[in-house]
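The values are calculated or read from the model by the stated rules, or taken from the named source; none is laboratory data. Just so it is clear, the structure is predicted and the values come from calculations on it, not from any experiment. Every residue, glycine among them, receives a Cβ derived from its backbone with ideal geometry; neighbour counts consider all protein chains shown. Side chains included, ligands, DNA and RNA excluded: accessible areas come from the protein's heavy atoms. Shrake-Rupley method; radii C 1.70, N 1.55, O 1.52, S 1.80 Å.
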Amino acid sequence: MSFYPTTIAAISTAPAVGAVAVVRLSGPESLAVLKRVFQPLGRGDWEPRRMRFGRVINPSDGALVDEALAVWFPAPNSFTGEEVAEIQGHGGPVAAGRVLKAVLAAGAELAAPGEFTRRAFMNGRLDLAQAEAVADLIAARSEAEAALAARQLSGRLSERVENIHKDIISALADLEADIDFGEELNALDMGRFQARLAEIAARLEQLLEEGRAGKPFRDGLRLALAGAPNVGKSSLFNALANDERALVSPAPGTTRDFITTEALWDGLWVELCDTAGLSETPVDELDALGQERARAQLDRADVILWVGDCTRPDDVGTGQKLPPPRTLRVWNKADLSPPPEEEGRARPAPAGPEPMPAIAVSARTGQGLDDLKAAILRLATGQESPKPPEVSPNLRHQAILSRTAQALNASLAAARAGQPPDICAYELRTALDTLGAICGRTAPDDILNEIFSRFCLGK
Ligand SMILES: Nc1nc2c(ncn2[C@@H]2O[C@H](COP(=O)(O)OP(=O)(O)O)[C@@H](O)[C@H]2O)c(=O)[nH]1
Ligand SMILES: [Mg+2]
């Protein structure tokens, strides 16, 4: 059943010092290669999925390489769906490299990055969304990212996408039956048909919404602090990172270059970026350069904290120019003075047509920091009570989902306008072809290359 005639090998564990390293083989010659390099202790033949202890020998010179455990998985019950063998030797890059050399000398080829997972996908062991989840799980930096990836790997996203796929097929089949045999059968109830399409479109929209709201849990959260000099940006940065990373000083203009650090907030990965204070007129050339870099960092942030000083509420710097939907007004030094009020509420930022939420905190005492974190998460997810979604389509999935929704809505619009059913059917077929790319039914080769090249060696 396999697509591939070659047998590939790679070190599947991290290239670092550790107790155990795994060299994995996949392909029709896996057992044959294993037998050339591995001398099991004790008699008997290889049994499927049964670990054996023995010696690894390099067949090119007969040298003893390692003592190890080895196991054989006959096709198709393996990760790749092909015949697979694994040798568990001692860890460490050199020791594992020697086992790999022995296996290559015995006839295996070095695997390309992601090649095991690609074979698993081609052999139908995983669909494309699940294969992507393998890479995401390995790369996860936080509990939230790992949990989402694990659910996607188990097929939660694929299942929902496949259900939508099935329902579009069934709508299309009814429509085509009506086109072909309309006279003989009871004519299709157009009202109900349109309701079905609208319901499918709503499910696509729901998935898209989960993709947007899930972004911080899936990709982490990039935060940048901006504001006038000396309002306490670096102090707040340290408090949010729980680390005395940035220099703090009563002298304005301490921070010239930007500083980034990573933190975990309740299992959520956050990157914080402290920047030079923004002002209308830089004090010198170094300050001008610092401010330029600061603005570049603000552009790539998911949420910008525009920090002000409760004791100097009118020193707003150039905050008016920050993008309101991604910016949160933070009044720091609330331990010294209450935040400026407007009609009994923390004064909204004076910027832009849209009101900007404002939060009062003290970097010194920690007051208000939990509220600030909650407000950041509300802004990033667009949800009143943010929580990780069950599945979260990534950007590739989101692009496909919106193109599918477009085609589906075009079909619905044609049906509503009383256009010929052929046109509805054409748009539905486009929706099907488009949606198929999420699980890989219709993904072209260059997309596959793109996805699998992001994997590490040995995966
Ligand atoms: N009382 C009080 N002082 C603060 C607070 N945050 C910062 N400061 C002080 O304000 C000054 C400037 O702080 P810094 O973090 O360097 O400001 P930046 O220039 O905006 O990065 C320092 O003397 C800090 O100790 C706060 O919440 N309360
Ligand atoms: Mg600073």
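Points to keep in mind about this one:
- Shape category assigned to the chain from the gyration tensor of Cα positions, a/c cut at 1.5: oblate
- Mean Cα-pair separation over length for the chain, i.e. relative contact order, pairs under 8 Å, 6 or more apart, %: 16 percent
- Residue-normalised accessible area of the chain, given per residue in Å² at a 1.4 Å probe: 48 Å²
- Acute angle (nearest 10 degrees) that the helix 128-139 long axis makes with the longest principal axis of the chain, alpha-carbon atoms: 70 degrees
- Calculated FRET efficiency for the pair residue 371/residue 67, C-beta based, R₀ 60 Å, to 0.05: 0.55
- Cα centroid separation, the range 98-146 to the range 404-443 (Å): 34 Å
- Listed residue pairs exceeding 29 Å between alpha carbons, taken from 215/321; 233/321; 321/373; 166/459: 166/459
- Along the chain, the exposed loop sites are GluC sites (Glu not before Pro) outside DSSP states H, G, I, E and B with at most 10 other Cβ atoms within 10 Å, and the longest stretch free of them is 1-182.
- Ranked by solvent-accessible area (1.4 Å probe, protein heavy atoms only, all chains present), the residues 154, 362, 249 order from largest to smallest as 154, 249, 362.
- Backbone N under 11 Å from the residue 20 label point (7 Å along Cα→Cβ), restricted to the range 70-90: 70-71, 87-90
- Close amide H partners of residue 309, meaning residues 5 or more places away or on another chain with modelled amide H under 5 Å apart, are 332.
- Of the residues 457, 44, 161, the one whose Cα sits farthest toward the positive end of the charge dipole of the chain, with +1 on the Cβ of Lys and Arg and -1 on the Cβ of Asp and Glu, is 44.
- Here the chain is treated with +1 on each Lys and Arg Cβ and -1 on each Asp and Glu Cβ, and its dipole about the Cα centre works out to around 1320 debye.
- Take the Cβ atoms of residue 244 and residue 264, set R0 to 25 Å, and the FRET efficiency comes out at 0.90.
- Most positive-pole-ward Cα, 357, 32, 322, against dipole of the chain from beta carbon charges: 32
- Between 0 and 90 degrees, the angle of helix 143-153 with respect to the longest Cα principal axis of the chain falls at about 40 degrees.
- Percent carbon-and-sulfur accessible area, the chain, ignoring ligands, DNA and RNA, probe 1.4 Å: 52 percent
- Database remark: amide H of residue 363 closer than 5 angstrom to the amide H of 333, 334 (H placed geometrically; neighbours at sequence offset of 5 or more, or on other chains; Pro and chain starts carry no H).
- Placing a label point 7 Å from the Cα of residue 251 along the Cα-to-Cβ direction, the residues of the range 213-245 with a backbone N closer than 20 Å are 228-236, 245.
- Paramagnetic reach from residue 39 in the range 52-73 [backbone N under 19 Å; point 7 Å along Cα→Cβ]: 52-71
- If R0 is 30 Å, the Cβ-Cβ spacing of residue 49 and residue 146 corresponds to a FRET efficiency of close to 0.65.
- Summary of the geometry: the range 61-85 and the range 182-249, compared by the centres of their Cα atoms, lie 43 Å apart.
- For residue 92, distant residues with modelled amide H under 5 Å away: 16, 18
- Using a simple spin-label model with pseudo-atoms 7 Å out from Cα toward Cβ, residue 311 and residue 180 lie 8.1 nm apart.
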